[in-house]
1. If you go through segment 1-17, how many residues are open to solvent by 30 Å² or more (accessible area, probe 1.4 Å) and farther than 14 Å from residue 104 by Cα?
2. Among all residue pairs at least 6 apart or on different chains, which show Cβ distances below 7 Å where the first residue, located in segment 84-95, is in contact (Cβ under 8 Å) with a residue 60 or more places away in the chain and the second is of a type in the set (Phe, Trp, Tyr)?
3. When you go through 50, 27 one by one, which is the residue that is among the hydroxyl-bearing types (Ser, Thr, Tyr) and loosely packed, with under 15 Cβ neighbours inside 10 Å?
4. For segment 30-45, name all the residues that are more than 18 Å from residue 102 (Cα to Cα) and surrounded by 17 or more Cβ atoms within 10 Å (Cβ to Cβ).
5. Please work out which residue is farthest from the chain's Cα centre (by Cα), limiting yourself to segment 69-109 and to residues that are basic (Lys, Arg) and either modelled with pLDDT of 95 or more or surrounded by 14 or more Cβ atoms within 10 Å (Cβ to Cβ) (or both).
Amino acid sequence: QVQLVESGGGLVQAGGSLRLSCAASGSISSISAMGWYRQAPGKQREWVASITTGGSTTYANSMKGRISISRDNAKNTVYLQMISLKPEDTAVYYCYSAAFSRIYWGQGTQVTVSS
């Protein structure tokens, strides 16, 4: 089992920045990758970024150039740094981890970008 707890969401003006955190606990050694999805009101959940245990990163085109995913292995934490935020980035951001051939989800953190 893997437990994920996100933090760092909030209200920010357009053009602003936020850094989301996702702390993992439980069977950490079984995690092969972690990342983020987001879900805007009335829309499907959308993949945002991922990072493997080896540090390889991948980003969605919709946010590429404005986000950076990183991890602190000592803290078992993954971060999503977001800059130049736009109102259309408003969504609940969910952390996920891949472990034991399944996906674990955090509870989500709200990001609201005002115009």
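The values are calculated or read from the model by the stated rules, or taken from the named source; none is laboratory data. Every value quoted in this text rests on a predicted model; they were computed, and no experiment measured them. In this analysis, Cβ positions are derived from the backbone assuming ideal geometry, glycine residues included, and neighbour counts consider all displayed protein chains. The area values use the complete protein model at the heavy-atom level, side chains included, leaving out ligands, DNA and RNA. Shrake-Rupley method; radii C 1.70, N 1.55, O 1.52, S 1.80 Å.
1. Residues flagged as open to solvent by 30 Å² or more (accessible area, probe 1.4 Å) and farther than 14 Å from residue 104 by Cα within segment 1-17 amount to 8.
2. 93/36; 94/36; 94/37; 94/105; 95/36
3. 27
4. Result: 38, single match.
5. Filtering segment 69-109 for residues that are basic (Lys, Arg) and either modelled with pLDDT of 95 or more or surrounded by 14 or more Cβ atoms within 10 Å (Cβ to Cβ) (or both), the one farthest from the chain's Cα centre (by Cα) comes out as 86.
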